[in-house]
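First comes the structure, then the notes that go with it.
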Amino acid sequence: MTSPVPFDPTYLRLTTASESGDEVCLELHGFLDYDSADHFLTVATGQLADSPGLRVLHVDCAGMSGIDSTGLAMLLMLHRRTSAADVTLSLVSRPAALERMLDITGTLEHLVPRRAAEAGALSESPYAEYRPTQEDGPSAESTGHGSRVAGPDISG
């Protein structure tokens, strides 16, 4: 059996770009995924403990190379922790891949409330699931996972 490979901190680099009174900005460079998620959460959460009086934690995502579902889970966990500490989490300079993942998963409004409000609360995502109308057939909500919509009776 091989031993686990230790995390390479150059895979995901987090640096404190600026600190001003009650705001801190972390710059994220690299992949936020299964391999780097714990490191990300440890460093970002450390800012909460290391910065008394912190009101806003900005995470600059411009250098993000990619993200997977574990990375998204860590952003959600960080949001829970910042909210519990009464600190606002601000994801800035989001690359298209992150924006798309947040939109597809329905977490955009949760993690970036101002962005969602600017887009309009009732606007439909371009990635939203197709939901047929009664004219097209029964709505998607009326069928369970794996069930089939019954067609016309041809047994005759």
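The values are calculated or read from the model by the stated rules, or taken from the named source; none is laboratory data. Quantities reported herein were computed from a predicted structural model and do not represent experimental measurements. Neighbour counts run over all protein chains shown; Cβ positions are idealised from the backbone, glycine included. Note: areas computed on protein heavy atoms with side chains; ligands, DNA, RNA excluded. Shrake-Rupley method; radii C 1.70, N 1.55, O 1.52, S 1.80 Å.
Some observations on this one:
- Taken together, the residues in segment 89-111 that are surrounded by fewer than 16 Cβ atoms within 10 Å (Cβ to Cβ), of a type in the set (S, T, N, Q) and in a strand (DSSP E or B) amount to 0.
Every residue, every condition in (1) open to solvent by less than 70 Å² (accessible area, probe 1.4 Å); (2) within 14 Å of the chain's Cα centre (by Cα); (3) closer than 18 Å to Arg114 by Cβ, yes or no:
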position: Thr16; (1), (2), (3): yes, no, no
position: Glu19; (1), (2), (3): no, no, no
position: Leu41; (1), (2), (3): yes, yes, no
position: Ala44; (1), (2), (3): yes, no, no
position: Pro52; (1), (2), (3): no, no, no
position: His79; (1), (2), (3): yes, yes, yes
position: Ser83; (1), (2), (3): yes, no, yes
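- Check on Leu54, closer than 18 Å to Ser18 by Cα and part of a loop (DSSP other than H, G, I, E, B): yes
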